[in-house]
Amino acid sequence: MDQYALSVLPAWESIRSFLSSGGAESDLPQRLNLSAATLRRYRKKYPEFAAMLDECRAEAAQLADDQVEAALFRRATGYDTENEEHSRHVPADVKAAIFWLKNRRPDLWRDRRVIALDEPVKITLSAEEKEL
């Protein structure tokens, strides 16, 4: 039985969970007691392993994007926060709201408008304008 079957396969779900929750692939060799070169070799040799690593990276990126999106939305709309000593209201942030709208609804909130014309526009320049 090779080292892959001894070290990677039994830890498959643990590796998946670690990476999907944002763990770094560069930390895997230490967690699996392998060298970085061995992990790279396994990635090349075992397509199912490479696919799982890539899938986990995508899941972690999606999780991070979702968290940032939720934080931006809270900041754009304002929120209340409470702790044992006091509560406070964090007002909506106009810059966060603008950023949110420009990215989520660019057709309505884009700074630059693109206007399509049905027929060509003819422009005639005066003699003075032609000299410039």
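Determine the pairs where a residue that is under 18 Å from L63 (Cα atoms), located within the stretch 9-25, has a partner that is surrounded by 14 or more Cβ atoms within 10 Å (Cβ to Cβ) and of a type in the set (G, A, S) with Cβ atoms under 6 Å apart, the partner being 6 or more residues away or on another chain.
Between residues of the stretch 9-25 that are under 18 Å from L63 (Cα atoms) and residues that are surrounded by 14 or more Cβ atoms within 10 Å (Cβ to Cβ) and of a type in the set (G, A, S), the close pairs are S20/A60; G22/A60.
Of the residues S35, S14, which is more than 22 Å from A64 (Cβ to Cβ), touching a helix residue (DSSP H, G or I) at 6+ places or on another chain (Cβ under 9 Å) and exposed (fewer than 13 other Cβ atoms within 10 Å of the Cβ)? Before you say what the answer is, go through the steps one by one.
Details: S14 fails: more than 22 Å from A64 (Cβ to Cβ).
Of S35, S14, the one residue that is more than 22 Å from A64 (Cβ to Cβ), touching a helix residue (DSSP H, G or I) at 6+ places or on another chain (Cβ under 9 Å) and exposed (fewer than 13 other Cβ atoms within 10 Å of the Cβ) is S35.
Closer than 30 Å to S14 by Cα and among the charged types (D, E, K, R): is that true of D54 in this structure?
Working: closer than 30 Å to S14 by Cα: yes; among the charged types (D, E, K, R): yes.
Judged against the criteria, D54 is a match.
Take the conditions surrounded by 10 or more Cβ atoms within 10 Å (Cβ to Cβ) and either touching a Pro at 6+ places or on another chain (Cβ under 9 Å) or not in a strand (DSSP E or B) (or both) and apply them to K102. Does it pass? Break it down stepwise before answering.
Details: surrounded by 10 or more Cβ atoms within 10 Å (Cβ to Cβ): yes; either touching a Pro at 6+ places or on another chain (Cβ under 9 Å) or not in a strand (DSSP E or B) (or both): yes.
So K102 passes the test.
Within the set of pairs 6 or more residues apart or between chains, which connect a residue that is in contact (Cβ under 8 Å) with a residue 40 or more places away in the chain inside the stretch 52-72 to a residue that is of a type in the set (D, E, K, R) and in a helix (DSSP H, G or I) with Cβ atoms less than 7 Å apart?
Pairs that qualify, where the first residue is in contact (Cβ under 8 Å) with a residue 40 or more places away in the chain and the partner is of a type in the set (D, E, K, R) and in a helix (DSSP H, G or I), are M52/R16; C56/R16.
Each value in this text was obtained by applying a stated rule to the coordinates, not by laboratory testing. The structure displayed is predicted, hence computed values, not measured ones. Note: ideal-geometry Cβ built from the backbone for every residue, glycine included; neighbour counts use all protein chains shown.
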